[in-house]
Structure formats: C-alpha cells, structure tokens
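Remarks on the structure that follows.
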C-alpha cells in the first residue's frame, strides 16, 4: 500500500476545474427496491413515541440510551457519525485550534523522531553560526559621537558592512536548517495524519530525492521577494533628493505588501513539492490554486502561529541571553559604558544552547501548521479526507487504489 500522502493526482482534482464526480461519496439511503424511503401514513399521535417505562411480558426490551432513544447519534442511525481520526487530526475541514493542536500532537506523539530531527539540525546550525560569529564576522566599528558629518557617514557605512557580512552567513545557515528540518518533518507529519509512525532513516530516504528542488524553492522565494522590493524602490533611487527619499519609502512599503501577498499565496508550495512530488514552478502553481479563495484565512492562521512562536522564542531566549551576558567577563560593564561589548566563547555557547532549545520547539510546530494547512485545503477543495481514510486502512471506505486483487 502506498501510504505516502501524494494521495491524488493534482491534474484530476476538483480544484482543477472538475466537479469532483469521480470522488466516491456515501450512498443515499433508500428502500430495498431502490426507491426513495416512504413513511407510513399511520403515525403515532404526538407525544406517544417514547420507550416503555417497564418491560411488558412477551415484548423485546426497550433499547438503551445511546441506541436510538435520545442518546448521541451512532453510526448507522439518523445522526451523522463523527469524523474518522486515524492520526493526529480528524479527517474533515479543520479549525485553527485543531491545526495548532495537530502540530503539537505530532511533536508529543512522535517526540523521539521529531526531537531527533530538530535537535540534530539545531545543534549543527548553532555550531556553524557560533563559528561564523567568532571567526568570520568583523568587530563592529566604534561610533564616535563627536565625528564630523563626513566621518559619521563613513562610520555608518562601516557598521552596515559589518552587519551585512555577519548576517549573510547567518541567513544561509538558517535557510539550510529550515530546509532540512522542513523536508524531514513534512514526511513525519504526513504519516502522523494517517496514524503511522516513521523512523528517521525512513523519513530521510523519502525526503532526500526532493531536497535539491526544495532548496531551489527555498532560495527562489526570498530572491523573488528581494527583487520585488528593489524594483519598487528604483524610481525613488533614480530621483534622489528628499522627494526621492519619500518615494523610496513608499515604494518599499508597496513592495512589502506585494511580497506578503505572494508569500501567503505560495505558502503551501513546500508540502505540495514534497508530498505530490511536483517541480518548483508546478508546486508554486499548486499552492496558488489551493490558497485561492482562502487567502485571508491562511494569512491569519500563519500570522498568529508566527506570533505565538515568537513569544515562545522570547520566553526561552531572554533568560539565556541574561545568563550569557552575566557569565561573560565584561558583558554588563560594556553595556553600561555604552561601548560595543566583545562577547567571548561563554556568551556564544550559552546563547547557542538557548537557540537549540528554541529551534527544537518551534521548528516542528511551524512545519506542522504548514503541512496541516495544506491537508486542510485539500480536504475542503478535493475531498482528500476520503483518500486519507482509504490510505489509513479504515473500514467502510474501500481499499486504496492499486490494492484490489487481480483475480480470485
């Protein structure tokens, strides 16, 4: 059985313009002869349709509560049965709380695999970042408050250069860490939806062939965002002067609005690439089609998730930063004197430990929300819940395509 959720072909999905008639649906109840159900004209008078209070000799005992007499709807009765839940989410359209709960439940249920992935990636990325900060990033220049205007401009340029040199390696390390963790966690979360655990080696074998394309997608989206903002600022840069400066700010703001709209539109590209085995451009088109009509909902869930993760990161990082500054030789004295403090190994190691703990918690939640948003959109638009139920081997949904016996 193919239990990896590239469950349906995107080309045959209802969102591609079809009406979804090929998706199996529960049959409508009818009589044995196939006609619509008919009610008898001889109905009991109002208020008389209730179970007897005591058993009558020769009659069958009355059904108990929950079997049709005022109890909760059961499978096969008039009420709709509850949605199947083979894994961390119920197989139906999800609310925001259920998406967050599904991400947390994945981390809690499969914590060995999840923490192995996140802690390993976080440790490697933090060690690389510490080495870069220690040996490659230049010391920020001292700012002289009594400098002349020309000297102040030169100092500002040197400070920006040092910041840029230090930020580029950190951004690249962050991108690579996010890339690997997102790829592996996507596989783990997709199996968790089906209620099937996956080992680290199995997740790596499944994700490894998709890493080059995922890397291309990961680099393309930020590059596209930077290009959009730069193009929006070009008219103001060409004009110069004060009017040009105002136009630059206005262009940058307009460019950021466009970038936010595009990033939400393409926010489901990564799970589409991993789970449907699509190319880079195809996965972006797939994401745009799934997000269409739900932009504000996905934007709100993504924004709230990032705010929650930011609060969690601050709660963890601030105590470690205070401890690291206190453990360093002249951390507090440098801050109080107003000069730029030079932090040593103790500061970098302690803040690195805080970074590992933060990433180990935030990575799986962020990846889980993205993957579950993708699953939720496909459930809403393409009845993916039926395919997931078949892939999970639930009864009453039929075998998964390709599992039928060829002969008897």
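Considering 290, 308, the condition of being part of a helix (DSSP H, G or I) and over 25 Å from residue 211 (Cα atoms) is satisfied by 308 alone.
When residue 247 is evaluated against the numbered criteria (1) closer than 29 Å to residue 172 by Cβ; (2) crowded, with 16+ Cβ neighbours inside 10 Å, which criterion, by number, is the only one it fails? Exception for residue 247: condition (1).
A single entry from 193, 187 fulfils the requirement of being within 15 Å of the chain's Cα centre (by Cα), at pLDDT 90 or above and farther than 30 Å from residue 130 by Cα: 193.
Taking the stretch 93-116 as the range and being exposed (fewer than 15 other Cβ atoms within 10 Å of the Cβ) and either at pLDDT 95 or above or in a loop (DSSP other than H, G, I, E, B) (or both) as the test, the residues that pass are 93, 95. Across the stretch 194-205, the number of residues qualifying as within 17 Å of residue 117 (Cβ to Cβ) and crowded, with 19+ Cβ neighbours inside 10 Å comes to 2.
Which of the residues spanning the stretch 231-244 are surrounded by 12 or more Cβ atoms within 10 Å (Cβ to Cβ) and either at positive phi or without any contact (Cβ under 8 Å) to a residue 12 or more places away in the chain (or both)? Once the filter is applied, which keeps residues that are surrounded by 12 or more Cβ atoms within 10 Å (Cβ to Cβ) and either at positive phi or without any contact (Cβ under 8 Å) to a residue 12 or more places away in the chain (or both), the stretch 231-244 yields 237, 239, 244. Could you tell me whether any residue of the stretch 315-323 is in contact with a helix residue (DSSP H, G or I) (Cβ under 9 Å, 6 or more places away or on another chain), free of Cβ contacts under 8 Å to residues at least 40 places away in the same chain, outside any helix (DSSP H, G or I) and over 30 Å from residue 273 (Cβ atoms)? Looking for residues that are in contact with a helix residue (DSSP H, G or I) (Cβ under 9 Å, 6 or more places away or on another chain), free of Cβ contacts under 8 Å to residues at least 40 places away in the same chain, outside any helix (DSSP H, G or I) and over 30 Å from residue 273 (Cβ atoms), one finds none in the stretch 315-323, hence no.
The values are calculated or read from the model by the stated rules, or taken from the named source; none is laboratory data. These numbers were taken from a predicted model, which means no experiment stands behind them. Counting neighbours? That spans all protein chains shown, and the Cβs are built from the backbone with ideal geometry, glycine included.
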